[in-house]
Amino acid sequence: MKIKRHSAALGFLAAGTLVLSACGSDQNVPQGGGNPALDAIQVQCGTKPVSAEGSSAQKSAMDVFARDYGLKCADQKLNYTKSGSGKGVAAFTAGQIDFGGSDSPLSDEKGEVAAAAQRCQGNPAWNIPMVFGPIAISYNIPGVNDLALSPDLISKIYQGQIKKWNDPAIAALNPGKQLPDLDIVPFFRSDESGTSDNFQKYLNTATNGAWTGEGKQFRPGPGVGQGRDGSDQVAQSVKATPGGITYVEWSFPKNLGLGIAKIDSGAGPVELNTANVGKAIEGAKIEGQGNDLKVDLDSIYGNKAAGVYPVVLNTYEIVCSKGYDPETAKAVKAVLTVAANANPQELEKAGYVPLPEAFKTKVLDAVNAIS
């Protein structure tokens, strides 16, 4: 039996769901809306709306994908509900949506791999890393607009071992800069967060285990820092607090005009920008087999090469390799092909980076193999 698509109508009504469409029919007509990458590709748009659910970290990227999909495939829709990674995986394995969005690949230990294979008519599900969002180390130091930090310094700040901005260890990494005798006020996410999970994985890897916290609940040193609920709150708290520092998705400090630290992994300070994050993605190793593109995060977080900005969160689209009905397969492939070629300027405005060409080729090879 082919997979039924139970929840497209429900997805249309769900809170947090993005629905975008245009007028027209199922034709391979180049309609990139000013995006040359979309103008250059041909897709079979299908005749069914695509439903997806999951990670809130990629919701703004999904907004961009949906707009571009509406331009490329007239009269077709991408309905995406931000419900959290766990709910996205559960909805996918239950056959309620066409693909799931998750901050983590499917877990064999949790039974997700087996459940997804059953949902895919006995075929394996694939983890496709479509969205990459840099995590900024954002600060508010009056008079300081150019700051470099290393993973060891960041770790010691959140462990309470470095408490002043003019600490000799910070000054040594910032020669010639006038750092004030000002208390460091660390802010962190008090809610469970994929950003905290990835940030702690980065610190653990980049400090060779000196940072021991893990998971979606951030774990600073005893009595260190102040917790805030959500990315907006940690960013706003830094803006309101001289001496403040936090980790947060790139779009927030950009929009608030906050300082963003350069990261020195040992080969010199590296600015957070699209090109430098792209180098980290290009250097990523794939743990999965074949078209299952599970990323080895250590290969990103532990990349100490010159010019690489390694603090990056990636999310996956969880798809069936086989088992969709023909029209659903066609539509899912069209959406993900458009997503891989989405408007880079719009992605950057939303706080993400476009896929580097070599990595995009791997992603598109996987997408094209869906049947």
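Tabulated data for the structure shown
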| item | result |
| --- | --- |
| Members of the range 339-351 that are within 13 Å of the chain's Cα centre (by Cα), closer than 22 Å to LYS77 by Cα and either part of a loop (DSSP other than H, G, I, E, B) or of a type in the set (D, E, K, R) (or both) | ALA350 |
| Residues located in the range 157-176, provided they are open to solvent by 40 Å² or more (accessible area, probe 1.4 Å), at pLDDT 95 or above and not in a helix (DSSP H, G or I) | GLN159, GLN161, LYS163, LYS164, ASN166, PRO175 |
| Residue within the range 268-278 that is farther than 16 Å from ALA358 by Cβ, in a strand (DSSP E or B) and among the β-branched types (Val, Ile, Thr) present | yes |
| Test: residue in the range 211-233 that is in a helix (DSSP H, G or I) and open to solvent by less than 10 Å² (accessible area, probe 1.4 Å) | no |
| Members of the range 284-297 found to be over 23 Å from ARG119 (Cβ atoms) and either at pLDDT below 95 or surrounded by 20 or more Cβ atoms within 10 Å (Cβ to Cβ) (or both), listed by number | ALA284, LEU297 |
| Single residue of GLY290, GLY323 found to be in contact with a Cys (Cβ under 8 Å, 6 or more places away or on another chain) and either in the same structural domain as ASP197 (by the TED database) or at positive phi (or both) | GLY323 |
| Checklist (1) modelled with pLDDT of 80 or more; (2) surrounded by 14 or more Cβ atoms within 10 Å (Cβ to Cβ); (3) of a type outside the set (A, V, I, L, M, F, W, C) applied to LYS110, failing item | (2) |
| Those residues of the range 356-371 which are closer than 18 Å to TYR316 by Cβ, open to solvent by 20 Å² or more (accessible area, probe 1.4 Å) and touching a residue at least 12 places away in the same chain (Cβ under 8 Å), in sequence order | LYS360, LYS362, LEU364, ASP365, ASN368, ALA369 |
| Subset of the range 43-99 [part of a loop (DSSP other than H, G, I, E, B) and either without any contact (Cβ under 8 Å) to a residue 40 or more places away in the chain or under 16 Å from the mean Cα position of the chain (by Cα) (or both)] | SER55, SER56, ALA57, GLN58, SER83, GLY84, ALA94 |
| Filter result (of a type outside the set (Gly, Ala, Ser) and open to solvent by 40 Å² or more (accessible area, probe 1.4 Å)) within the range 81-92 | LYS82, LYS87 |
| Condition check for THR241: assigned to a loop (DSSP other than H, G, I, E, B) and more than 20 Å from VAL131 (Cβ to Cβ) | yes |
| LEU364 assigned by the TED database to the domain that holds ASN291, of a type in the set (A, V, I, L, M) and outside any helix (DSSP H, G or I) | no |
| Single residue of ILE128, ILE154, ILE137, ILE141 found to be part of a loop (DSSP other than H, G, I, E, B) and open to solvent by less than 10 Å² (accessible area, probe 1.4 Å) | ILE141 |
| Failed criterion for ASN303 (all others in (1) modelled with pLDDT of 95 or more; (2) part of a helix (DSSP H, G or I) hold) | (2) |
| Matching entry among TYR324, TYR309, TYR316 (being touching a Ser or Thr at 6+ places or on another chain (Cβ under 6 Å), at pLDDT 95 or above and buried (at least 21 other Cβ atoms within 10 Å of the Cβ)) | TYR316 |
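The values are calculated or read from the model by the stated rules, or taken from the named source; none is laboratory data. For clarity, every value in this text was computed on a predicted model and none was experimentally measured. When we count neighbours, we look across all protein chains shown, and the Cβ atoms used for this are built from the backbone with ideal geometry, even at glycine. Ligands, DNA and RNA are stripped out before the accessible areas are found, and what is left, the full protein with its side chains, is counted by its heavy atoms. Shrake-Rupley method; radii C 1.70, N 1.55, O 1.52, S 1.80 Å.
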